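Asker: Supplied in structure tokens, the structure appears directly below.
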Amino acid sequence: MYVARYLLDIEKFMDTENGEALLARAFLCVDEERREKARRMRPGRARAASLGAGLLLQAAVRKVIGAAGVEAPAGRHRAAFDMAEEPEEREQESDEQEPGDGNPGAAEGEGKIERNSVNKLLEFLENKPPIPLAYRYGENGKPYFRELPFYFNLSHSGDYVFCAVSTEEMGADIQQHCGKDIEKLARRFFSGREAAALEQAGADRKGLFYRLWARKEAYGKLTGKGVVWALGVDFLPGEAVSLENGNSSGETYVTPGTDLIGGDMPLPETVSGDNEAWMSETSVLPEGRCLLWEEWCGLEGYSIALCRYGRPGYLS
């Protein structure tokens, strides 16, 4: 299985001096459906995020084809899928860009995120014909590539867009730790065990809330049923727990958790000097299927979660 993970900082799109020029360049680099979607949006962060997502998809598809052993579709648009080398130089940390290692997205199990800046992503994509991506949508609106044999997930929060591409179904989400009334939301949408853990989390309360919320969003995207389906589900790591009215259908839902990294800590520990600090975990669903979780805590003020189906111990 192949999984590639990409992160884009869109703050430069919001720059009062150069932002509009960057957005105009981005319009020319994305697929037509994404372009029309952005045109219908009012100027602002949502439009910037939509175009940023389109840029990530263009770059991700170019890099995944070949790296994942996937053939580009035949036909009149075949030339648009031609591979191109990544820029030899990336913006350094002083330019709000993490140094890259040239890897076109880490393979499954390595837990790495490729971080991008707007400028370098535009430089990579400009002077290439945009890949004419076509989409289809599931029953509840989950998007899929129509012509490509792999899956994608997009998420935006605050200054970042997160994109994951995989050869199997998955769900991904990023959450900025902003000023929500987390106690009120937890009482309404969290399981009893999750709410109790939040009460006991002390100074880590906000981080734990957004970690759990990102998990719920990611799971809703994996299933294609949306976050409402996951609001009452227990995603707290630890011992097995049986919930009453655990989902929107009123059925019992069980998600016993087995931490592979981090033990029973309510939050993943940031590894000193590791700007891609991450943890993995396996949760067992009642029908015997397993959820494989990846989470990142190397981006201050944000929680990122990705989940997919697998087997116990797959990431250990």
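Asker: Are any residues in segment 8-29 open to solvent by less than 10 Å² (accessible area, probe 1.4 Å) and in contact with a Ser or Thr (Cβ under 9 Å, 6 or more places away or on another chain), and if so, which ones?
Answerer: 8
Asker: Sticking with this structure for a sec: Just checking, does segment 133-149 include any residue being under 16 Å from residue 53 (Cβ atoms), open to solvent by 50 Å² or more (accessible area, probe 1.4 Å) and not aliphatic (A, V, I, L, M)?
Answerer: Yes: one or more hits.
Asker: A further question on this structure: From 127, 119, 103, which residue is modelled with pLDDT of 85 or more, polar (S, T, N, Q) and open to solvent by less than 70 Å² (accessible area, probe 1.4 Å)? Show your work before the answer.
Answerer: On the way: 127 fails: open to solvent by less than 70 Å² (accessible area, probe 1.4 Å); 103 fails: modelled with pLDDT of 85 or more.
Of 127, 119, 103, the one residue that is modelled with pLDDT of 85 or more, polar (S, T, N, Q) and open to solvent by less than 70 Å² (accessible area, probe 1.4 Å) is 119.
Asker: If you don't mind, another one. Pick out the one residue from 50, 94 that is modelled with pLDDT under 90, among the hydroxyl-bearing types (Ser, Thr, Tyr) and either in a loop (DSSP other than H, G, I, E, B) or over 22 Å from residue 169 (Cβ atoms) (or both). Reasoning before the result, please.
Answerer: Working: 50 fails: modelled with pLDDT under 90.
The match here is 94.
Asker: Among the candidates 26, 60, which residue alone is under 23 Å from residue 298 (Cβ atoms) and assigned to a helix (DSSP H, G or I)? Walk me through it before giving the result.
Answerer: On the way: 26 fails: under 23 Å from residue 298 (Cβ atoms).
The match here is 60.
The values are calculated or read from the model by the stated rules, or taken from the named source; none is laboratory data. In this text, all values refer to a predicted model and were calculated from it rather than measured experimentally. FYI the Cβ positions are ideal-geometry reconstructions off the backbone, even for glycines, and counts take in every protein chain you see. These area figures cover heavy atoms from the full protein model, side chains too; ligands, DNA and RNA do not enter into them. Shrake-Rupley method; radii C 1.70, N 1.55, O 1.52, S 1.80 Å.
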